[in-house]
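What follows is calculated from the coordinates using simple rules that are stated; it is not laboratory data. Treat the numbers as computed from the prediction; the structure is a model and nothing was measured. Note: ideal-geometry Cβ built from the backbone for every residue, glycine included; neighbour counts use all protein chains shown.
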Amino acid sequence: MFTQLRRAAWPIGIGLAGIAVFSLLQITKPRPAPKVDVPRPTVVEVVPAIRATSRPTVVAYGEVRPDVRTQLVAQVGGRITAIASSFIEGGAFAPGEVLLSIEDTDYRAAVDEQRARLAAARVDHEQALADADVAKRQLAGQKNPSPLALKKPQVARAESSLRAAETALSLAQTNLGRTQISLPFHGRVQSQSADLGQFVTPGKQLGTVFGTDVAEVRLAFTDNQLSALGIPIGFLGEGDKGLATTLSAVVGGEIYQWQGRLAGLDAAIDPTTRTVYGTVRIDKPYDVEAWNGAPLAVGLYVDAEVEGRLALDAIQIASEGLRAGDEVFVLTGEGLLDVREVKVLHRNRNTVLLASGVDAGDRIIVSAIRNPISGMRLQSVGDAGLAESQGATEQAPDDNEV
């Protein structure tokens, strides 16, 4: 009996001893030092700022309009006896070319009549001068003869009649000339509202024409764009003083370009848009030979690129680096975020020119940052890749040992 109990107690004893040894090992084993995870810095993409000398280009948009647009109006009445073949919608005419002719029979007769009256007035004037000369001689011995006795009023009346006759003849000749309707510039017919044989009265509108010697494009500029152009409100750039401008548009599926100059800026700010309008002038817009077969047609909507002032030693950054409120995020040498305010000279789709706030060589952050705070720890994409490669190199010997 005792022997059986001893045999049963051996396994129980061995088990209890094992538990005691395991508990002792757990109590006496060395505990590792607590590990504190350091937050990894945010990885950002940076592009260095560079110093550049460039001429910024301001982009604006506008519609082509003629320098001269006028309505043809009859100044005399009569029947239209002739219409030029060019007097149709789209027709081209030259300076002095007769577009319409009004029957001139009555006006020629009026000229002849006034010439006869002028001849009679000249005779009356000569007669009055002769009578005055005779009276002066006859009254030479008298003291203080009256003006009437000297025929002075008669001479004055004859002179007035002569001037009136000359004026009447000039008016009759002017009316005769108005029967031939022409214009003093090259142009095109926009609309025509008169037909052959139609009777017109003075003031009757015959059509609308516009000049083709010069075309204009009105462009709206913001304050920042004016700063890039380097010209004041009210600027006048006559001749070669205007800023070179390139106009472009798609016509018939192809892109065409025309060259012009910004001739000036308005002297007032538009109260609705708060912009300043400028006028670009283009010489000979319908000269197809000068513009590679594509005229700068009136009514065409064009893109305009105006060359601004030359920016010397400006700081250039990527356009993505400029934040709202004219702020720039800079990654310092210590790996911290530095938020800076900058003065913008000019911006376009790809680059921004700065006058102050950033130095050449500064690392400009161009990627998005969630909840940016000045002083937060960051890491550029290149530095993050280098750190990972170094970490992998340091772990390689341990892996080999294992």
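Given the -39500 (n - 2.57) contribution per DSSP H run of 4+ residues, what per-residue ellipticity at 222 nm results for the chain, rounded to the nearest 500 deg cm²/dmol? Please list the in-between numbers first.
Numbers: 5 runs with 115 residues, N = 402.
Rounded to the nearest 500, the figure is -10000 deg cm²/dmol.
If amide H atoms are built 1.01 Å from N in the plane of the peptide, which residues on other chains or at least 5 residues away come under 5 Å of the amide H of GLN198?
Result for GLN198 returns ILE80.
What ranking do LEU262, LEU226 get, fewest neighbouring Cβ atoms within 10 angstrom at the top? Kindly include the intermediate steps, with their values, before the conclusion.
Numbers: LEU262 26, LEU226 19.
So the residues, fewest neighbours to most, are LEU226, LEU262.
Report the residue, chosen from VAL58, VAL339, VAL134, that carries the largest GNM mean-square fluctuation when the chain is represented by alpha-carbon nodes joined by springs under 10 Å.
Fluctuation is largest for VAL134.
Could you work out the local net charge near LEU312, counting Lys and Arg as +1, Asp and Glu as -1, over the other residues with Cβ closer than 13 Å to its Cβ? Please report the intermediate quantities before stating the final value.
Numbers: positive: ARG51, ARG55, ARG309; negative: ASP313.
Net local charge, LEU312 excluded: +2.
Springs between alpha-carbon pairs under 10 angstrom, Gaussian network model over the chain: which of PHE199, PHE221, PHE87 fluctuates most?
PHE199
Only Cα pairs within less than 10 Å get springs; with that Gaussian network setup on the chain, which residue of PRO56, PRO145, PRO271 has the largest fluctuation?
Comparing PRO56, PRO145, PRO271 in a Gaussian network model of the chain, the most mobile one is PRO145.
Percent relative contact order of the chain, based on C-alpha pairs within less than 8 angstrom and at least six residues apart?
24
Pull up all non-local amide H partners of PHE235: gap of 5 or more, or a different chain, and H-to-H distance under 5 Å with H placed in the peptide plane.
LEU265
If you take the charge dipole of the stretch 104-178 about its Cα centre, with +1 on Lys and Arg Cβ and -1 on Asp and Glu Cβ, which of ALA130, ALA168, TYR107 is farthest toward its positive end?
So the residue furthest toward the plus end is ALA130.
Could you state, as a whole-number percent, how many of the C-alpha pairs of the chain are farther apart than 38 Å? Can you show the working numbers first?
Details: 49947 of 80601 pairs.
Percent of Cα pairs beyond 38 Å in the chain: 62.
Name the long-range amide H neighbours of VAL251: under 5 Å, sequence gap of 5 or more, or other chain; modelled H, no Pro or chain starts.
TYR256
Mind checking which helices in the chain clear 30 Å along their axis (Cα) and have mean Kyte-Doolittle hydropathy of 0.0 or more, DSSP H runs only?
On the way: long enough: 2-28 (38 Å, 1.05); 105-138 (50 Å, -0.84); 152-177 (38 Å, -0.23); 381-401 (32 Å, -0.98).
Helices meeting the criterion: 2-28.
Which log10 I(q)/I(0) values, to two decimals, does the stretch 104-178 give at q = 0.18, 0.27 Å⁻¹ under the Debye formula with one point per Cα?
Treating every Cα as an identical point scatterer, log10 I(q)/I(0) equals -0.70, -1.07.
What is the local net charge at ASN224, summed over the other residues whose Cβ is closer than 15 Å to its Cβ (Lys, Arg +1; Asp, Glu -1)?
On the way: positive: ARG274, ARG309, LYS343, ARG347, ARG349; negative: ASP223, ASP326.
For residues surrounding ASN224, the net value is +3.
Stretch VAL366-ARG137 to full length: gain in nm at 0.36 nm per residue minus the Cα-Cα span?
Numbers: separation 229, 0.36 × 229 = 82.44 nm, distance 10.66 nm.
Result: 71.8 nm gained on full extension.
Multiply the residue gap between GLU89 and GLU126 by 0.36 nm, knock off their C-alpha separation, and tell me the result in nm, one decimal place. All intermediate terms of the calculation are to be shown ahead of the outcome.
Details: separation 37, 0.36 × 37 = 13.32 nm, distance 5.55 nm.
The GLU89-GLU126 span can extend by a further 7.8 nm.
Going by average Cβ density within 10 Å per residue, which order do the peptides 367-377, 115-125 take, highest to lowest?
On the way: 367-377: 11.0, 115-125: 15.5.
Listed from highest to lowest mean packing, they are 115-125, 367-377.
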